[in-house]
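All remarks here apply to the structure that follows.
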Amino acid sequence: MNPYFEPAANTRQHAALLYDQYEAYVQAGFDEEQAMDLVKTMLVTALGQAQ
């Protein structure tokens, strides 16, 4: 079960998941702009699949 594709209990839960993913990308060596672009792409993909 992927939490990004499941309805969140609230907006804060979703925001926390996205921020955690962003931090993971930065720690993996991506710069901040690349990490944010990856998170944005992930979010757009999740929203597209939710419809």
Could you go through segment 16-21 in sequence order and give the Karplus-derived ³J(HN,Hα) for each residue, using 6.51 cos²θ - 1.76 cosθ + 1.60 with θ = phi - 60°, rounded to whole Hz, and x for Gly and Pro? 5, 5, 5, 5, 4, 5
Whole-Hz ³J(HN,Hα) for each residue in segment 28-44, computed from phi via Karplus 6.51 cos²θ - 1.76 cosθ + 1.60 with θ = phi - 60°, x for glycine and proline: what do you get? 7, x, 6, 6, 4, 5, 4, 4, 5, 4, 5, 5, 4, 4, 4, 5, 4
Length released on extending from residue 12 to residue 49, taking residue separation times 0.36 nm less the Cα-Cα span: 11.3 nm
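The numbers here are math on the coordinates, done by the rules we state, and not lab data. Note that this is a predicted model, so its numbers are computed, not measured.
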